[in-house]
Amino acid sequence: MILVLLGPPGSGKGTQGALLKSKLGFEHISTGDMLRAEVAKKSHLGLKAEEYMKQGLLVPDDLIIAMIKNILSQAPHKNYVFDGFPRNVNQAEAFETMLNTMGLQVDKVFYFDLDDDVIIKRLSGRRVCPKCGATYNIYYQKPKNDTLCDNDNTPLIQRDDDKEEVIANRLRVYKEQTFPLIEYYKSKGKLFVVSANGTQEEVFEKLKSML
Ligand code: AP5
């Protein structure tokens, strides 16, 4: 089964992707996490991607599509949840072509609907562990010790693109480039709207009921 999590920055795609992995065994593919790992390694791809990411812009489609092709060609027959991909109509069309050649298709697309004021609070409050990748929130999901990761006591950090000036740009890019995907998948009868309000557990229950 192939699922896509679609929604504005901070709507909970990563959180729900991690739950789909830990509770239902899906392979969680987050293009944002993969790119951040490349940036940390200072690889050729990472250095290129960083220029775009720090401004809140989309990384060029050809780089992203090559990353996804590489994953799927190695293990096409798994249950996947894609988080943050596709991000525009061009990526969605390339994804469809790629899947078709493998005899696969996107089964369901979950669109996480959330108001801008909640999005901004979730993004500005997010803290992450640079070691294990665990995500916290100073408003909604505090670590046990104010500034340290519950798993490994590493000092938590704020993502560069969660700073106020970059958040505004990410929201603008989302509305211009990603929002049209709602109509794209709706017209194919694959879109399921999930209200992303409520606790993480409540949102997960809604997702499960739609699966
Ligand atoms: P990416 O990492 O994909 O960022 P994003 O889509 O902007 O999404 P976020 O990770 O910010 O939010 P999320 O929806 O996953 O929310 P989360 O669960 O973390 O991409 C980063 C950059 O990489 C892009 O800007 C672009 O440059 C590049 N990129 C990535 N993919 C690309 C692609 N396909 N093409 C081109 N470029 C690409 O939750 C957010 C916070 O809210 C957390 O603190 C969490 O604890 C909290 N939270 C979650 N759920 C709840 C809840 N129910 N209640 C209260 N708090 C909650």
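The values are calculated or read from the model by the stated rules, or taken from the named source; none is laboratory data. Everything numeric in this text was worked out from a predicted model, so none of it was measured. Ideal geometry is used to build each Cβ from the backbone, glycine not excepted, and the neighbour counts take in all protein chains shown. Surface accessibility is based on the protein's heavy atoms, side chains included, excluding ligands, DNA and RNA. Shrake-Rupley method; radii C 1.70, N 1.55, O 1.52, S 1.80 Å.
When ranked by the protection proxy of mean other Cβ atoms within 10 Å per residue, highest first, what sequence do the peptides 144-152, 34-42 form?
Numbers: 144-152: 12.6, 34-42: 16.1.
Taking the mean over residues of other Cβ atoms within 10 Å, the ranking is 34-42, 144-152.
Once label points are set 7 Å from the Cα along Cα→Cβ at both SER43 and ASP150, what is their separation, rounded to one decimal in nm?
About 3.0 nm separates the two model spin labels.
Using only the Cα atoms of the range 128-207, build the gyration tensor, take square roots of its eigenvalues as a ≥ b ≥ c, and label the shape rounded, prolate or oblate: rounded if a/c is under 1.5, else prolate if a/b is larger than b/c, else oblate. Before the final figure, lay out each step's value.
Values: a/c = 2.87, a/b = 1.63, b/c = 1.76.
Oblate shape, in that a/c is at least 1.5 and b/c is the bigger or equal ratio.
Filter the cross-link list LYS186/LYS208; LYS131/LYS206; LYS41/LYS144; LYS21/LYS69; LYS48/LYS175 down to pairs whose alpha-carbon distance in this structure exceeds 26 Å.
Values: LYS186/LYS208 20 Å; LYS131/LYS206 31 Å; LYS41/LYS144 29 Å; LYS21/LYS69 20 Å; LYS48/LYS175 24 Å.
In this structure, LYS131/LYS206; LYS41/LYS144 lie more than 26 Å apart at Cα.
Pick from ALA66, ALA18, ALA134: which residue has the top mean-square fluctuation in a GNM of the chain where Cα pairs under 10 Å get a spring?
ALA66
Apply the a/c threshold of 1.5 to the C-alpha gyration tensor of the chain and tell me whether it is rounded, prolate or oblate.
Values: a/c = 1.43, a/b = 1.26, b/c = 1.14.
Cα axes put the chain in the rounded bin.
Of the options GLY56, GLY17, VAL89, report the single residue whose Cα projects farthest towards the positive end of the charge dipole of the range 15-153 (beta-carbon charges: Lys, Arg +1; Asp, Glu -1).
GLY17
Could you tell me what percent of the accessible area of the chain is made up of carbon and sulfur, with a 1.4 Å probe and every protein chain present? Provide the component values of the computation, followed by the final result.
Working: 5540 of 10980 Å².
The value for the chain is 50 percent carbon and sulfur by accessible area.
Name the chymotrypsin sites (Phe, Trp or Tyr not before Pro) in the range 127-200 that are in a loop by DSSP and that have at most 14 other C-beta atoms within 10 Å, would you? Mind showing how you got there, number by number?
Details: sites: TYR136, TYR139, TYR140, TYR174, TYR184, TYR185, PHE192; in loops: TYR139, TYR140.
Passing both the DSSP loop test and the Cβ count: TYR139, TYR140.
Taking the Cα centre of each part, how many Å lie between the range 44-79 and the range 115-185?
20
So what are the ³J(HN,Hα) numbers for the range 52-63, from phi and the Karplus equation (6.51, -1.76, 1.60; θ = phi - 60°), rounded to whole Hz, Gly and Pro as x?
So the Karplus estimates, Gly and Pro as x, are 7, 4, 5, 9, x, 9, 6, 6, x, 3, 4, 5 Hz.
First select every other residue whose beta carbon is under 10 angstrom from the beta carbon of GLN158; then total the charges, Lys and Arg +1, Asp and Glu -1. Spell out each step's value before the answer.
Working: positive: ARG126, ARG127, ARG159, LYS163; negative: ASP160, ASP161, ASP162.
Spelling it out: positives minus negatives among the neighbours equals +1.
Using label points projected 7 Å from each Cα along Cα→Cβ, tell me how many nm separate CYS132 and SER73, to one decimal.
Output for this residue pair reads 3.5 nm.
Provide the per residue accessible area, probe 1.4 Å, for the chain, rounded to a whole number of square angstrom.
Numbers: 10980 Å² over 211 residues.
For the chain, the per-residue accessible area is 52 Å².
With n ≥ 4 as the cut-off for DSSP H runs, can you work out [θ] at 222 nm for the chain, using -39500 (n - 2.57) per run divided by the number of residues, rounded to the nearest 500?
Result for the chain: -14000 deg cm²/dmol, rounded to the nearest 500.
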